[in-house]
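Worksheet: the structure to be examined is printed underneath.
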Amino acid sequence: MIIGVPKEIKISENRVGLVESGVKAFVREGHKVLVEKDAGLGSGISNEAYEKAGATIIPSKKEVYEKADMIIKVKEPLPEEYTMLRENQILYTYLHLAPEPVLTKALLDRKVKGVAYETIQLEDGSLPLLVPMSEVAGRMATQVGASFLQRDRGGKGILLGGVPGVKRGRVTILGGGVSGINAAKMAVGLGAQVTILDINPKRLEYLDDIFGNKVQTLFSNITNIEHSVPETDLLIGAVLVPGAKAPHLVTRDMIGQMEKGSVVVDIAVDQGGCIETCRPTSHKEPTFEVEGVIHYCVPNMPGVFSRTSTYALTNVTLKYGLMLANLGVEDACAKDKALYKGVNVYNGFVAYEQVARDLNLPFKPLKI
C-alpha cells in the first residue's frame, strides 16, 4: 500500500502524522511512504531524516493525495483538501465530525473510508488514540489559563498559587477524564484551589483517592455547576462523549455571573464545546471576550507543543495504521473491534451512529 503523509495546513498546526520510526515500520512491512516536503519541520523532523528512514519526499500536497492509498494526518482535512480526496481512499486522522456537517458531506460525497483516531475504543471504554493529546491539552489548559489571568493579558491579575496571606486562585474543571485529570495535576501543582465535577461516581471516587484533600470533587449536575462557575477564576471544560457533540453544561447566564477578567478554556471545542459561549479560535487569535470573561477555545491546542505531541501520537496510532495498511479497512476491522469503532464514514454513508444522530444523517454501519 502507498501511505501519504501531507503537511498540515491548519493555523499553527505543527504536528505531522508520522515520525521516522513510523516510516521505518511501514517500509519494513513492504509499504511505500510518501511524505510531503517539509511536512515534519514543525516537529523537528527534516526531509533528510524521513528519506533516511525509507520515505520518498514529494514536492506537492496534491501529488501526495493523488498517489496515496491511505492518508495519515493529524487534523481533519480543510476545504482546500476536500477535492484531493478520492473514492475508496483511506483517511486516518482525527476527524471530530459531530459538529462538522460540511466536512462530513465532503467525505461522504468523495466516498472516503474515514477512520477517526478519536473513536477507536477498547472494550473497557477507553480511547487509546485520544489519550496522549488529551494529556497535552489538559496540561496546556491550566498553563494557558494561568497566563491569561495575568493583568497584562486582560485577566483579573490572579496568581493561581497565591502567596502566604492571600487567597489562592480557584480552578473549576468540568469532566474528570484524561484531559480533566491532567488539568487538575497542573492546577494542584501550581497551588490552586481545585474543584472537579463529573457524572461518574466511580470516577469521582478515583479522583478523591489520588488527589485526597488537594481537590474538591462534586457530582456534575445543574445545581453544582451553577454554584461553582460564578466563584471560579479559571473554568476548564473537559467534557467528552465519544464521537458525539459535547453537551452545553455552562450557559451564557452562568458566564455572565463570573467576575470580569476570569478565564474559560474549553478543551471540548473540537466537539462543539461544553460551554455555550465558546466558538473555535486559532493559535494566532486564541481568545475573545464574552461578558468580560476571556475565552480560549483553540481546537488544536497540542499543535504548538508539536514535537512532544507528534511523537506521543505516533506511539499510539502506528499499531492501527499498520493493520489498515496490511489488511485493508474491512479485514482489519473484522479482526479488531476497537478499530471497527473508528470507522466514521464509509462508501458514502455515516458509519458511526452518534455522528449520524448529531448530524441527522442516515446511519449505515460497516458490514464485516
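The values are calculated or read from the model by the stated rules, or taken from the named source; none is laboratory data. Predicted model only: the values in this text are computed from it and were never measured. As a convention, Cβ positions derive from the backbone with ideal geometry for all residues, glycine included, and neighbour counts pool all protein chains shown. Calculation scope for accessible area: heavy atoms of the full protein, side chains included, ligands and nucleic acids excluded. Shrake-Rupley method; radii C 1.70, N 1.55, O 1.52, S 1.80 Å.
The table below gives the values:
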quantity: Residue in region 72-90 that is touching a strand residue (DSSP E or B) at 6+ places or on another chain (Cβ under 9 Å) and aromatic (Phe, Trp, Tyr) present; calculated: no
quantity: First in region 57-71 and farther than 16 Å from Ala325 by Cα, second anywhere and part of a helix (DSSP H, G or I) and hydrophobic (A, V, I, L, M, F, W, C), Cβ under 9 Å, 6 or more apart; calculated: Ile58/Val64
quantity: Residue within region 300-308 that is open to solvent by 10 Å² or more (accessible area, probe 1.4 Å) and touching a Phe, Trp or Tyr at 6+ places or on another chain (Cβ under 9 Å) present; calculated: no
quantity: Subset of region 128-163 (residues that are open to solvent by 60 Å² or more (accessible area, probe 1.4 Å) and over 30 Å from Lys337 (Cβ atoms)); calculated: Arg139, Gln143, Gln150, Arg151, Asp152, Arg153, Leu159, Val163
quantity: Qualifying positions in region 164-192 - assigned to a loop (DSSP other than H, G, I, E, B) and within 19 Å of Val269 (Cα to Cα); calculated: Gly175, Gly176, Gly177
quantity: Test set (1) open to solvent by less than 10 Å² (accessible area, probe 1.4 Å); (2) under 29 Å from Lys337 (Cβ atoms) - Gly125 fails condition number; calculated: (1)
quantity: Inter-residue pairs, beta-carbon under 9 Å, first over 16 Å from His248 (Cα atoms) and without any contact (Cβ under 8 Å) to a residue 40 or more places away in the chain and in region 214-225, second small (Gly, Ala, Ser) and surrounded by 15 or more Cβ atoms within 10 Å (Cβ to Cβ), 6+ apart; calculated: Lys214/Ala184; Val215/Ala184; Val215/Ala187; Leu218/Ser228
quantity: Qualifying residue in region 212-221 (condition: over 24 Å from the mean Cα position of the chain (by Cα), more than 28 Å from Pro302 (Cβ to Cβ), open to solvent by 10 Å² or more (accessible area, probe 1.4 Å) and charged (D, E, K, R)); calculated: no
quantity: Filter pass, Tyr311 being at pLDDT 95 or above, of a type in the set (Phe, Trp, Tyr) and surrounded by fewer than 22 Cβ atoms within 10 Å (Cβ to Cβ); calculated: yes
quantity: Filter result for Gly161 (at positive phi and assigned to a loop (DSSP other than H, G, I, E, B)); calculated: no
quantity: All positions within region 246-283 that are under 14 Å from the mean Cα position of the chain (by Cα) and acidic (Asp, Glu); calculated: Asp266, Asp270
quantity: Residue that is more than 18 Å from the chain's Cα centre (by Cα) and hydrophobic (A, V, I, L, M, F, W, C), where the choices are Val304, Val345; calculated: Val345
quantity: Candidate set: region 10-63, residues that are among the hydroxyl-bearing types (Ser, Thr, Tyr) and open to solvent by less than 10 Å² (accessible area, probe 1.4 Å); chosen: the one farthest from Ala137 (Cα to Cα); calculated: Tyr50
quantity: Candidate set: region 318-351, residues that are in a loop (DSSP other than H, G, I, E, B) and out of contact with any Phe, Trp or Tyr (no Cβ under 9 Å at 6 or more places or on another chain); chosen: the one least open to solvent (accessible area, probe 1.4 Å); calculated: Gly348
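Yes/no per residue for (1) of a type outside the set (S, T, N, Q); (2) closer than 27 Å to Asp152 by Cα:
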site	(1), (2)
Ile294	yes, yes
Gly321	yes, no
Asn326	no, no
Asp336	yes, no
Val355	yes, no
Pro362	yes, no
Leu366	yes, no
